[in-house]
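Data first, discussion second: the structure below is written as structure tokens.
Read the figures in this text as sums done on the coordinates, not as results from a lab. Values in this document were obtained by computation on a predicted structure and should not be read as measured data. When we count neighbours, we look across all protein chains shown, and the Cβ atoms used for this are built from the backbone with ideal geometry, even at glycine.
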Amino acid sequence: MTFLAQKPKKNNKSQSATHGVLFYTNVVVRVLQSLFLVIVSLIVLAGAFGLGIGTGYFAYLVEDTELPSKETMNQELGNLSQTSLLTYADDTAIATVNSDLQRKTVASDQISDLLKKAIVSTEDENFYEHQGYVPKAVIRALVSEVTGIGSSGGSTLTQQLVKQQMLTDETTFKRKANEIILAHLVDKNFSKDEILTMYLNVSPFGRNNKGENIAGVQEAAKGIFGVDASKLNLAQAAFIAGLPQSPISYSPYNSDGSIKDDVSLGLKRKDFVLFSMYRNNAITKKEYEEAKAYDLKSDFLPQAAANTNEQSFLYYAVMDEAKSVLGKQLAEEAKISEKEYAKDEVKEAYETLAEQKIINGGYTIHSTIDKTIYQAMQDAAATYGYQLDDGNGTVEVGNVLMNNQTGRIIGFVGGRDFSTNQFNHAFSAERQAGSAIKPALVYAPAIDLGLIGTETRVSNYATTWGGTSSDSDEQVVNATQYNMNTFQTVREAISWSNNIPAYQIYQNTLNKEGSTSYVYDNYLAKMNYPDVDQWTYPSAPLGVVDLTVLEQTSGFQTLANGGVYQDAYMISSITDSSGHTIYEHEEDPVQVYSKATASIMNDLMRSVLTSNITSKYKPLLTALNSTLGNADWVGKTGTTNDYKDSWLVVSTPSITLSSWTGHDDGTASDEGASLRQATYMANLANAIYQSSPDTIGVTKKFTLDSSVKKEKVNTFTGEKNVKTVTFNGTTYTLPTATTTSYWAKSAVSDSQFKFGIGGTDSNYLSAWQKGATSTKK
């Protein structure tokens with residue numbers, strides 16, 4: 001029998017424990033593996049889901065983006081700030097518009113390759129590889145938008161160009177999404193070199209040595225180092241390439257063009273650019289070290305004087321008018337209502353926007369100003385302005401020359417000397433209108449309504465503002481006569497410029513029409529006179545309302561133009577940098593007074609000047625130039641209390657020439673102010689005539705319109721002739737003399753006891769006793 005050797009028996013308990021550990025370890029590993037796979041799957045699914053949501057969100061943000069054509073993109077990407085020009089009526093230059101930004105465009109071959117490498121290495125090292133944007137930057141921007149964590153930066157050069165030239169500066173992801181879409185479109189339509197060149201031509205580069213803000217590499221190279229952009233050395237190129245990140249901080253110049261005491265920020269930035277170029281293999285180590293050690297500070301240009309235009313009243317007047325018309329146009333395009341635009345803050349906002357467009361848009365502002373005439377007017381003001389002085393300091397002056405048929409402003413005088421006083425007295429100064437307002441406010445409306453004719457009698461007896469003779473009330477006082485205790489004709493009243501008759505006519509008009517605002521609402525408002533309460537005051541005919549010289553001129557232009565108001569204008573058109581007309585003045589004539597009324601008023605105002613009572617303008621002008629003096633001049637004077645303001649506005653059938661004189665601070669003058677003004681105005685008119693003889697129209701004549709009613713009236717009453725008038729038992733026999741009275745409407749009645757405008761019973765009784773024979777029953 002054979003026996004086999006037996007293995008020793010293991011410990012069952014130990015073996016069981018080992019198997020248990022291995023089992024659980026295996027289970028845990030398998031569970032972890034499965035869990036890992038599940039987590040990875042979930043992450044993939046979440047990522048895909050998130051990517052889908054992100055893609056959908058991105059698509060939603062850009063769904064309404066209108067993709068521009070290549071032509072449009074080319075125009076917008078190259079839309080650089082360009083200098084605008086102001087011109088005279090003949091298109092010769094007045095001046096270029098002041099701009100706070102100097103920029104000049106150059107072609108790619110005029111830009112140093114070193115500069116291009118420096119910009120790319122610093123701002124967008126993958127510029128030549130990407131398609132206008134970097135995908136990871138898009139994801140980063142999306143995560144930042146959704147979570148609010150992190151930054152959405154990382155814009156490529158192409159995106160920066162798009163943002164600057166085609167989009168706003170808002171920081172929403174919608175704008176960022178549009179930026180990405182447009183950047184990709186730009187990359188598809190333009191070469192990398194074209195994109196880089198456009199970027200270098202539009203980007204800001206701080207200041208030059210004149211303290212001017214500059215944009216574009218050519219201005220940067222010339223304004224900092226005095227060389228063309230194609231001639232920059234490596235250190236200079238690196239310095240300029242570092243500027244766009246923070247142009248003012250890195251600029252070596254202060255706002256006055258002086259070199260900063262500390263230029264280390266810009267130099268450190270230059271070193272960073274050089275290192276970026278070295279890191280990207282754009283330059284060698286040797287080139288990097290040499291450029292870093294280069295003494296760049298010695299290349300900075302010294303401070304220089306800024307280029308400035310010699311500005312004048314004309315420059316600012318044309319600019320202000322251009323801002324006004326363009327601002328209104330921009331508001332209309334934005335569908336802003338007239339009521340909304342009338343608000344000061346709204347109007348100011350749009351005029352500010354208009355100003356920026358003018359400054360940077362390369363516009364040509366075509367004015368109506370005749371170059372020869374304007375210069376003649378300036379020379380006359382400089383030569384004869386001294387004739388206005390009264391010994392109490394400089395007497396200022398404002399003049400406007402306007403074409404009656406169109407409202408075109410041909411020339412003006414803003415003041416005696418722009419270098420010492422820049423306040424424009426023709427367009428900005430608001431002074432009390434004085435009696436120069438009487439034709440438009442008092443006489444023309446009353447004639448137009450058929451309330452008076454040229455020979456209508458008006459009370460010039462003492463009266464008060466309340467219409468009574470009470471000594472306790474303030475009296476209405478004439479400027480040239482206290483009173484004449486008579487009934488003047490309308491022609492006499494306006495020739496003497498008496499206040500009492502004007503007050504009586506104005507009150508009669510308002511009373512007949514039943515509204516204190518009737519004259520303003522139906523006449524002055526149509527001529528754009530200011531809407532103020534003073535028009536309803538009893539003292540309105542004395543000229544208590546503040547007006548500009550331009551506003552006064554427009555009232556007389558209306559009368560000289562057959563009663564048709566033409567809005568005064570100084571800008572005929574505005575064209576953009578491509579020559580397209582973006583604004584053109586359009587006439588909008590308004591018939592304010594009837595033709596009959598206007599022609600009657602011109603006949604009356606001819607008497608004002610030929611009578612020589614309130615102004616010696618006609619004889620003074622005739623002494624200088626008989627041809628000019630014999631032109632058919634009509635007009636009106638005006639004076640305020642203490643001769644603080646003196647007015648003279650004259651017209652021929654062709655033009656209206658206005659004048660205000662006075663002290664800016666309201667200092668009183670003296671009774672010689674009217675003569676001094678007439679002397680100055682005669683010389684001014686002669687200067688205009690000598691510069692352009694046809695402008696004034698010396699051969700043309702004002703004539704009565706065919707619709708004027710020529711009524712035969714009694715000279716004593718101004719009404720239709722009768723033999724006798726009875727009042728309170730007394731019969732008065734009228735004088736037999738008759739005359740012709742001009743009426744716009746047939747409203748003249750038979751002579752009666754109260755034959756005039758205004759006056760009390762006792763005033764009429766006194767007049768009858770003096771001027772007629774009487775018999776009692």
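What to note about this one:
- Computed FRET value (nearest 0.05) for A306 with A525, which takes r as the C-beta separation and R₀ as 51 Å: 0.65
- Label point distance in nm, Y341-V532, each placed 7 Å from Cα along Cα→Cβ: 2.5 nm
- Counted charge near Q387, where neighbours are those whose Cβ lies closer than 12 Å (Asp, Glu -1; Lys, Arg +1): 0
- Translational D in µm²/s for the chain (Stokes-Einstein at 25 °C, 0.890 mPa s, Kirkwood Rh from C-alpha pairs): 74 µm²/s
- Farthest positive-ward along the range 99-299 dipole, Cα basis, beta-carbon charges - from Q102, N233, I195: I195
- With the helix formula -39500 (n - 2.57) applied to DSSP H stretches of n ≥ 4, the chain reaches a computed 222 nm mean residue ellipticity of -13000 deg cm²/dmol.
- Extreme residue, positive dipole direction of the range 386-527, given options L451, T486, F427 (C-beta unit charges): L451
- Within the chain: Cβ-based charge dipole about Cα centre, in debye rounded to nearest 20 (Lys, Arg +1; Asp, Glu -1): 1960 debye
- Averaging the sequence gap over all C-alpha pairs within less than 8 Å and six or more residues apart, then dividing by the number of residues, gives the range 99-299 a relative contact order of 25 percent.
- Around the amide H of Y253, modelled in the peptide plane, lie the amide H atoms of R207, K260, all under 5 Å away and 5 or more residues distant in sequence or on another chain.
- In this rough spin-label picture, where each label sits 7 Å from Cα along the Cβ direction, the D546-T736 distance is 5.9 nm.
- Those residues of the range 337-380 whose amide nitrogen sits under 19 Å from the label point placed on N421, 7 Å along Cα→Cβ: 377-380
- Taken one residue at a time, the phi angles of the range 240-256 give Karplus couplings (6.51, -1.76, 1.60, θ = phi - 60°) of 5, 5, x, 5, x, 4, 8, x, 6, 5, 8, 4, x, 10, 7, 5, 9 Hz. Gly and Pro are set to x.
- Whole-number Å³ per residue for the convex hull built on Cα positions in the range 387-520: 176 Å³
- Given in Å, the Rg to one decimal and the Dmax to the nearest whole number for the Cα atoms of the range 466-563 are 14.5, 45.
- The range 273-343: trypsin sites (Lys or Arg not before Pro) falling in loop per DSSP and having at most 10 other Cβ within 10 Å: K335
- Cβ-based charge dipole, the chain, positive-most Cα from S497, V318, G257: G257
- Compactness index (Cα Rg / 2.2 N^0.38 Å), the range 99-299: 1.03
- Taken about its Cα centre, the range 99-299 carries a charge dipole of roughly 260 debye when the Cβ of each Lys and Arg holds +1 and the Cβ of each Asp and Glu holds -1.
- Sorted from longest to shortest, the spans of the Cα atoms of the range 506-664 along the three principal axes equal 56, 48, 39 Å.
- Once you reduce the range 631-709 and the range 281-342 to the center of their Cα atoms, the two points are 43 Å from each other.
- On a per residue basis, the convex hull of the C-alpha atoms belonging to the range 270-420 measures out at 275 Å³.
- Restricting the range 232-327 to GluC sites (Glu not before Pro) in coil, as DSSP defines it, with at most 16 other Cβ within 10 Å: E310
- Cα centroid of the range 715-746 to Cα centroid of the range 403-469, whole Å: 32 Å
- Relative to the dominant Cα principal axis of the chain, helix 371-384 is inclined by about 60°.
- Under a model in which nothing but the beta-carbon of Lys, Arg (+1) and Asp, Glu (-1) is charged, the range 268-408 shows a dipole of about 1000 debye around its Cα centre.
- Karplus-derived HN-Hα couplings along the range 576-589 (A = 6.51, B = -1.76, C = 1.60, θ = phi - 60°), whole Hz, x at Gly and Pro: 8, 5, 8, x, 7, 7, 9, 8, 8, 5, 10, 5, 9, x
- Acute angle (nearest 10 degrees) that the helix 135-147 long axis makes with the longest principal axis of the chain, alpha-carbon atoms: 70 degrees
- Counting only alpha carbon atoms, the long axis of helix 173-189 and the longest principal axis of the chain meet at about 80°.
- Electrostatic bookkeeping for N421 treats Lys and Arg as +1 and Asp and Glu as -1; over the other residues with beta carbon under 12 Å from its beta carbon, the sum is -3.
- A simple count of charges around G758, restricted to other residues whose Cβ falls under 14 Å of its Cβ and scoring Lys, Arg +1 and Asp, Glu -1, yields +2.
- Checking every one of the trypsin sites (Lys or Arg not before Pro) in the range 711-761 against DSSP loop status and a limit of 13 other Cβ atoms within 10 Å picks out K723.
- Annotation: amide H-H contacts under 5 Å for E396 (H modelled 1.01 Å from N, sequence separation of 5 or more, or interchain): G662, H663, D664.
- In this structure, the amide hydrogen of T726, modeled 1.01 Å from its nitrogen in the peptide plane, lies closer than 5 angstrom to those of Y732, counting only residues at least 5 positions away or on a different chain.
- 3J(HN,Hα) along the range 756-773, derived from phi through the Karplus expression 6.51 cos²θ - 1.76 cosθ + 1.60 where θ = phi - 60°, amounts to x, 9, x, x, 9, 4, 5, 5, 5, 4, 5, 5, 5, 5, 7, x, 9, 8 Hz, with x in place of Gly and Pro.
- Two-site FRET efficiency, E333 against T383, from Cβ-Cβ distance with R₀ of 35 Å, rounded to 0.05: 0.15
- The alpha-carbon atoms of the range 682-777, seen along their principal axes, cover 70, 30, 22 angstrom, with the largest extent given first.
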